[in-house]
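The block underneath contains the structure these notes are about, expressed in structure tokens.
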Amino acid sequence: MTTARNLSAEVETTTRFKSYLVHPLVDEWRQAKLWNRARKMLDLYVADDEVLIDPKQKDVARRFYTQCGLQNLALMNGNSVYVRIPKNGNNNIRCNLASFPGEQEDLRCLRQTDGLKLISSGVKVWTFLREPISRFVSGYTEVEFRNRDDPKVQKRFQHRLGTKERFREYVVSMLEGRRVRAIYHTYSQSWIGTAFPVVNAGKIENMEEDWSALQVWLGLRAPQPFNKNCSTHPTSSDPLATSAAARQALEEDPALLNALCALLLPDFLNFHYQLPAACLDGQDFTHLWTHETAY
């Protein structure tokens, strides 16, 4: 019988393009554990460490860990599926894919059973990942950019756009269960496991080398270098100074950084990213959440 685990081992031995066995965080108890840990870091009230009593918080936590942010993109006449993860270089990747053979076709978000069937049938599933904290910051900028002219959204926040106080307020607002348009850009990358239990992936921090490895893995005869200037995104230049403000907030506020580390711990574990040193300083994340006990 083909399983996610032996598929992962099989792919790992046949390609240098790294294979990940992805554990989606679908268990409400574990969602609550991380959500409440983040709330405690920011001195927000927690009635029970293991339960999210507020229905709004429970709903946003579920979405945060399991919601498919973007449609998947099928390539090369159905032989390959690029799984689009928000804020992981999608615009540039899609632009570079113009040189790939085959037609591009949008697919709906898939369930894990459908994803496993695709993998078992020989379809190559791949994506690109990003360091969790920097991705959250980029996602935050996207959210603010898309809502910059919406007076209803702006009235929800007390602090001025482009300030470190505003970034902290956004994180608190999310932890309180409040949603705004495009909030999914700051959701966890680990939702990919709800559709594809095994996925091959590169990392945008190593884009040029991993892009070449991807093409070799896909069997392309004439690999092309990645053109980082192929497409530009309107938020890449940080037009509202929101990314700079967020980074400053995280540098100056260890509690805020630790809150994000707790929220995004599945991404660090699933995709083999190192937790920031400040998140390990005085915080026993090993006992909070280990790969063996978490899933």
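The values are calculated or read from the model by the stated rules, or taken from the named source; none is laboratory data. Quick caveat, the model's predicted, so the values are computed rather than measured. We place every Cβ from the backbone using ideal geometry, glycine too, and count neighbours over all the protein chains shown. Accessible surface is based on the protein model in full, side chains and every heavy atom, while ligands, DNA and RNA are left aside. Shrake-Rupley method; radii C 1.70, N 1.55, O 1.52, S 1.80 Å.
Among all the lysines, which ones have a C-alpha under 16 Å from K18's C-alpha, if same-chain residues fewer than 8 places away are not counted?
Straight-distance partners of K18: K124, K203.
Ignoring ligands, DNA and RNA, how do H185, H272, H23, H159 rank by accessible area with a 1.4 Å probe, largest first? The partial results should precede the final answer.
Working: H185 10, H272 110, H23 40, H159 80 Å².
Of H185, H272, H23, H159, the descending order of accessible area is H272, H159, H23, H185.
Ordering W29, W211 by accessible area with a probe of 1.4 Å, largest first, what comes out? Walk me through the numbers before you get to the answer.
Values: W29 105, W211 0 Å².
Per-residue accessible area, sorted high to low, gives W29, W211.
Which of the peptides 168-175, 147-154 is most tightly packed, and how do the rest follow, going by the mean number of other Cβ atoms within 10 Å of each residue? Before the final figure, lay out each step's value.
On the way: 168-175: 19.9, 147-154: 12.2.
With the highest mean Cβ count within 10 Å placed first, the list reads 168-175, 147-154.
Using the crude model of +1 on Lys and Arg Cβ and -1 on Asp and Glu Cβ, and no other charge, please compute the dipole size for the chain relative to its Cα centre, in debye to 20. Mind showing how you got there, number by number?
On the way: 37 positive and 34 negative charges, 158 e Å.
The calculation lands at about 760 debye.
What size of dipole, in debye to the nearest 20, comes out for region 58-175 about its Cα centre when the only charges are +1 on Lys and Arg C-beta atoms and -1 on Asp and Glu C-beta atoms?
On the way: 21 positive and 12 negative charges, 96 e Å.
Dipole magnitude for region 58-175 comes out near 460 debye.
Listed highest first by mean packing, meaning other Cβ atoms within 10 Å per residue, what order do 220-227, 89-96, 231-238 come in?
On the way: 220-227: 12.2, 89-96: 18.6, 231-238: 14.0.
By packing density, highest mean first, the sequence is 89-96, 231-238, 220-227.
Which distance in Å, rounded to a whole number, links the C-alpha centroids of region 75-150 and region 201-217?
Using only Cα atoms to place each centre, the spacing works out to 14 Å.
Per-residue accessible area for F145 at 1.4 Å probe radius, Å² rounded to 10?
Only protein atoms counted, so the area is about 40 Å².
Picking from K18, K40, K124, which is most flexible by a Gaussian network model of the chain using Cα springs under 10 Å?
So, out of K18, K40, K124, the one fluctuating most is K40.
Quick one: how many Å² of D253 are accessible to a 1.4 Å probe, rounded to 10?
40
Please compute the per residue accessible area over the chain with all protein chains in place, 1.4 Å probe, rounded to a whole number of Å². All intermediate terms of the calculation are to be shown ahead of the outcome.
Values: 13900 Å² over 295 residues.
Result: 47 Å² per residue.
Less than 26 Å apart at the alpha-carbon level, and either on another chain or at least 8 residues along: which lysines does that give for K58?
K33, K40, K87, K152, K155
Over all directions, average the projected area of the Cα convex hull of the chain and note it in nm². Write out the running numbers ahead of the final one.
On the way: hull surface 62.4 nm².
For the Cα atoms of the chain, the hull's average projected area reads 15.6 nm².
Suppose we keep just the DSSP beta bridges with both residues in the chain; what percent of those would be antiparallel, to 5? Write out the running numbers ahead of the final one.
Working: 9 of 16 bridges.
Taking every DSSP beta bridge within the chain, about 55 percent pair in antiparallel fashion.
Compute the distance in nm between two label points, each set 7 Å from the Cα along the Cα-to-Cβ direction, one at S121 and one at D106.
Result: 2.1 nm between the two label points.
Which of A278, Y170, Q158 sits farthest toward the positive end of the charge dipole of region 148-282, with +1 on the Cβ of Lys and Arg and -1 on the Cβ of Asp and Glu?
Working it through, the farthest residue towards the positive pole turns out to be Q158.
With both partners inside region 71-197, how many of the DSSP beta bridges are antiparallel, as a percent to the nearest 5?
Values: 6 of 9 bridges.
Roughly 65 percent of the beta bridges in region 71-197 run antiparallel, per DSSP.
Between L250, L280, L70, where does the largest GNM mean-square fluctuation fall for the chain, given springs only between Cα atoms within less than 10 Å?
The residue that fluctuates most here is L280.
Give me the percent of the accessible area of the chain that comes from carbon and sulfur atoms, probe 1.4 Å, all protein chains in place.
49
Using the Karplus curve 6.51 cos²θ - 1.76 cosθ + 1.60 with θ = phi - 60°, what ³J(HN,Hα) values do you get for each residue of region 159-175, in whole Hz, with x for Gly and Pro?
Each residue's phi maps through the Karplus curve to give 8, 5, 4, x, 10, 5, 5, 5, 4, 4, 5, 5, 4, 4, 4, 5, 5 Hz.
Dipole magnitude of region 154-231 about its Cα centre, charges +1 at Lys/Arg Cβ and -1 at Asp/Glu Cβ only, in debye to the nearest 20?
Working: 12 positive and 7 negative charges, 127 e Å.
In debye, rounded to 20, region 154-231 gives about 620.
Would you mind checking the tilt of helix 254-263 against the longest principal axis of the Cα atoms of the chain, expressed as 0 to 90 degrees and rounded to 10?
Approximately 50 degrees, to the nearest 10.
Taking springs between alpha-carbon atoms closer than 10 angstrom, which of L129, L214, L264 fluctuates most in the Gaussian network model of the chain?
Highest fluctuation among the options: L214.
Along the charge dipole of the chain, which of N92, W35, W126 sits closest to the positive end, that is, farthest toward it, with unit charges on the beta carbon of Lys, Arg, Asp and Glu (+1, +1, -1, -1)?
The listed residue farthest towards the positive side: N92.
Rank R156, R62, R39 by accessible area, highest first, at a 1.4 Å probe radius?
Values: R156 130, R62 110, R39 10 Å².
Sorted descending by solvent-accessible area, the residues read R156, R62, R39.
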